[in-house]
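Report on the structure given below.
The values are calculated or read from the model by the stated rules, or taken from the named source; none is laboratory data. These figures come from a predicted structure and were not determined experimentally. Here the Cβ is made from the backbone with ideal geometry for all residues, glycine too, and neighbour counts use every protein chain on show. Side chains are part of the model used for accessible areas, which takes the heavy atoms of the whole protein and leaves out ligands, DNA and RNA. Shrake-Rupley method; radii C 1.70, N 1.55, O 1.52, S 1.80 Å.
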Amino acid sequence: KQWYQRRVRGLFNAAVKDIIGVEIRTVKRRVQTEMENLINKAIFDLKGRKIKALYFDAKQDVVTEIEKDQWSTKKRNTISMIASEEISKPLEYVGNCYPAPSNALGKPSGSRSTLEAPAERFAEGMLQQLSKLEMSYDELQVAGGDGCNEVTGWEGGIIQHIQEKLGKTLQWSICMLHHNELPLRKLFYTVSGKTTSDHTFEDGSLGKLCQGNPWELPVNKDFEPIKSEVFLPPEIVDGLSSDARYLYKMAIAISNGSISAKLARKRCGKMVTSRWLTTACRLFRVYISLKPGDRHYFEAMMMVKFILQVYL
């Protein structure tokens, strides 16, 4: 299979080269270079500004390094930052930063406090990045991020460490959508079991059933309706993303006790543990295919009730 994939990829690259006269790898490198140049130019234009609002989000970057004459790939935690000169003005990207080294905090490398509390290193790295850009944060008033403990911890969170380093209290702006997903995640893990990786659930679990192609399951026309008070005006529904619109239509169908054949066949987004909207969509579709007595019926009903009455 891998040989055929490589062969098809090689034929495709050759066809592209014959058409445009350039290999597709060269095109990708040029696009990536132009994007990096645009980002660097935008960041350079921000130099010397005074910021009053700073928002950030942690992620993992894949870094390629050379160790003992061999290439190795590692995952490294980074933080993306956006900032604004005024609280009410649009936010602008100010770059990524890595955690500051432990010696920058006056602590020995590998010390217990450094390993267990990386939030302080992130806070120091963010302020160092702003200093490199010659951006003044003396007038900073608002700091925001998602609702994870590493950000909002009252004693060891990133925002708390920023406050301590600046010597003043900031207004915390925390993403409520993230808070809304945390209970759903906790309940789903409790009901369906832990994942074997970032994308795969244990065999025989409710998560594994949702992870397949639930739109191919036969619909139980006598599924039990679960009443919901969810209602949105048509102009709001039209502005929703495709997955959010699918979730809303499924909620109305389950509340009414009937679903159209077109909606039952409609596909929804890929299921990943970092995006719980698509998980809720798939749980809806699995529920209307189960009958009392089927495996996972009551677990699916519990999840659907929670989604309709709490999550939405």
Would you be able to say whether some residue in the range 287-298 is open to solvent by less than 20 Å² (accessible area, probe 1.4 Å), assigned to a helix (DSSP H, G or I) and hydrophobic (A, V, I, L, M, F, W, C)? no
Exactly one condition in (1) farther than 14 Å from LYS59 by Cα; (2) in contact with a Pro (Cβ under 8 Å, 6 or more places away or on another chain); (3) at pLDDT 80 or above is false for SER109; which is it? (3)
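Table: residues versus (1) of a type in the set (Asp, Glu); (2) out of contact with any Pro (no Cβ under 9 Å at 6 or more places or on another chain); (3) under 21 Å from LEU312 (Cα atoms).
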residue	(1), (2), (3)
TRP172	no, yes, no
MET176	no, yes, yes
SER192	no, yes, yes
GLY204	no, yes, no
TRP215	no, yes, no
SER241	no, yes, yes
GLY257	no, no, yes
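Restricting to the range 68-99, name every residue that is small (Gly, Ala, Ser) and either at pLDDT below 80 or under 19 Å from GLY48 (Cβ atoms) (or both).
Listed by number, the residues that qualify are SER72, ALA83, SER84, SER88, GLY95.
Residues checked against (1) out of contact with any helix residue (DSSP H, G or I) (no Cβ under 6 Å at 6 or more places or on another chain); (2) within 15 Å of GLU216 (Cα to Cα); (3) in contact (Cβ under 8 Å) with a residue 12 or more places away in the chain:
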site	(1), (2), (3)
GLU229	yes, no, no
PRO234	yes, no, no
GLY239	yes, no, no
SER242	yes, no, yes
ILE252	yes, no, yes
GLY257	yes, no, yes
SER260	yes, yes, no
LYS266	yes, yes, yes
GLY269	no, yes, yes
Matching residues in the range 210-226 (touching a residue at least 40 places away in the same chain (Cβ under 8 Å), open to solvent by 30 Å² or more (accessible area, probe 1.4 Å) and closer than 20 Å to VAL310 by Cα) number 1
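Pick from LYS262, LYS249: which is more than 22 Å from PHE188 (Cβ to Cβ) and of a type outside the set (Ser, Thr, Tyr)?
LYS262
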Can you tell me which residue in the range 144-174 is most open to solvent (accessible area, probe 1.4 Å), limited to those that are under 19 Å from CYS97 (Cβ atoms) and touching a Ser or Thr at 6+ places or on another chain (Cβ under 7 Å)? GLN163
Tally of residues being closer than 20 Å to MET301 by Cβ, of a type in the set (A, V, I, L, M) and over 21 Å from the mean Cα position of the chain (by Cα) across the range 231-264: 8
Looking at GLU181, GLU155, which is the one that is under 18 Å from the mean Cα position of the chain (by Cα) and over 24 Å from LYS50 (Cβ atoms)? GLU181
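Residue by residue, here is whether (1) polar (S, T, N, Q); (2) in contact with a Phe, Trp or Tyr (Cβ under 8 Å, 6 or more places away or on another chain); (3) part of a helix (DSSP H, G or I); (4) under 27 Å from LEU290 (Cα atoms) holds:
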position	(1), (2), (3), (4)
ASN180	yes, yes, yes, yes
LYS186	no, no, yes, yes
TYR189	no, no, yes, yes
LEU209	no, no, yes, yes
LYS221	no, no, no, yes
Can you tell me which residue is least open to solvent (accessible area, probe 1.4 Å) among those in the range 250-286 that are polar (S, T, N, Q), in a loop (DSSP other than H, G, I, E, B) and under 30 Å from ASP57 (Cα atoms)? THR273
